[in-house]
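**Student:** Can you keep this structure in mind? I'll have questions shortly.
The values are calculated or read from the model by the stated rules, or taken from the named source; none is laboratory data. The shown structure was predicted, so the numbers you read here are calculated from the model rather than taken from an experiment. Positions of Cβ are backbone-derived with ideal geometry, glycine not excepted, and every protein chain shown enters the neighbour counts.
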Amino acid sequence: MLNKLSPPPGSKKNKKRVGRGTGSTGKTSGKGHKGQNSRTGGGVSPWFEGGQTPLKMRSPKRGFTSRNKLVFDLVQVGDLDKFSEGDVVTPQELINVGLASGKNPIKILGNGEISFALTISADAFSKGAIQKIEDKGGKADTI
């Protein structure tokens, strides 16, 4: 049974034998006379634009921007004097006062001085900010 299998008629073609005399595609092997494309390895690369400045050189280079970069709304410890002593400061209160936009997570940084104790909730704190808040008897809660 298996010895009688054969491909369907017309599905197999003989390879074109170029450069084998003038009877078939001989002499120039279908490449015409002379020129870049008749030579071995001839032709241009697929991205070649005929001598025009290539697209990759024309387009502006702006460096690398990570899509996963985390951008914070930054609030300085010195700006927290807008609140009164003993307040519990939440991210919503920072937005209401205008210290944060509300579009990004909030990070408290250690610039400036705080003169009283506060309990502050934010997404992130710098080491300096935590130290200044706790020195005054306050508390820094990371959400």
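**Student:** Criterion first (exposed (fewer than 10 other Cβ atoms within 10 Å of the Cβ), under 16 Å from residue 106 (Cβ atoms) and among the β-branched types (Val, Ile, Thr)) does residue 71 satisfy it? Walk me through it before giving the result.
**Tutor:** Numbers: exposed (fewer than 10 other Cβ atoms within 10 Å of the Cβ): yes; under 16 Å from residue 106 (Cβ atoms): yes; among the β-branched types (Val, Ile, Thr): yes.
Here the answer is yes, as residue 71 does meet what is asked.
**Student:** Now a separate question. May I ask you to list the residues in segment 86-102 that are surrounded by 13 or more Cβ atoms within 10 Å (Cβ to Cβ) and either assigned to a helix (DSSP H, G or I) or modelled with pLDDT of 90 or more (or both)?
**Tutor:** First, pick out the residues of segment 86-102 that are surrounded by 13 or more Cβ atoms within 10 Å (Cβ to Cβ): 87, 89-91, 93-95, 97, 99-100.
Scanning segment 86-102 gives 89, 90, 91, 93, 94, 95, 97, 99, 100.
**Student:** Starting from residues that are farther than 30 Å from residue 19 by Cα and among the β-branched types (Val, Ile, Thr), keep the ones in segment 35-65 and report whichever is modelled with the lowest pLDDT.
**Tutor:** If we take residues in segment 35-65 being farther than 30 Å from residue 19 by Cα and among the β-branched types (Val, Ile, Thr), then 65 is modelled with the lowest pLDDT.
**Student:** Suppose we filter 110, 32, 102 for residues that are of a type outside the set (Val, Ile, Thr), closer than 30 Å to residue 134 by Cβ and in contact with a Ser or Thr (Cβ under 7 Å, 6 or more places away or on another chain); which single one remains?
**Tutor:** Matching residue, one of 110, 32, 102: 110.
**Student:** Another question, if that's okay. Pairs please, first residue from segment 19-33 and closer than 18 Å to residue 43 by Cβ and at pLDDT 85 or above, second anywhere and loosely packed, with under 13 Cβ neighbours inside 10 Å and among the small types (Gly, Ala, Ser), Cβ atoms under 7 Å, 6+ apart in sequence or on different chains.
**Tutor:** Sorted first by the residue in segment 19-33, then by its partner, the pairs are 29/19.
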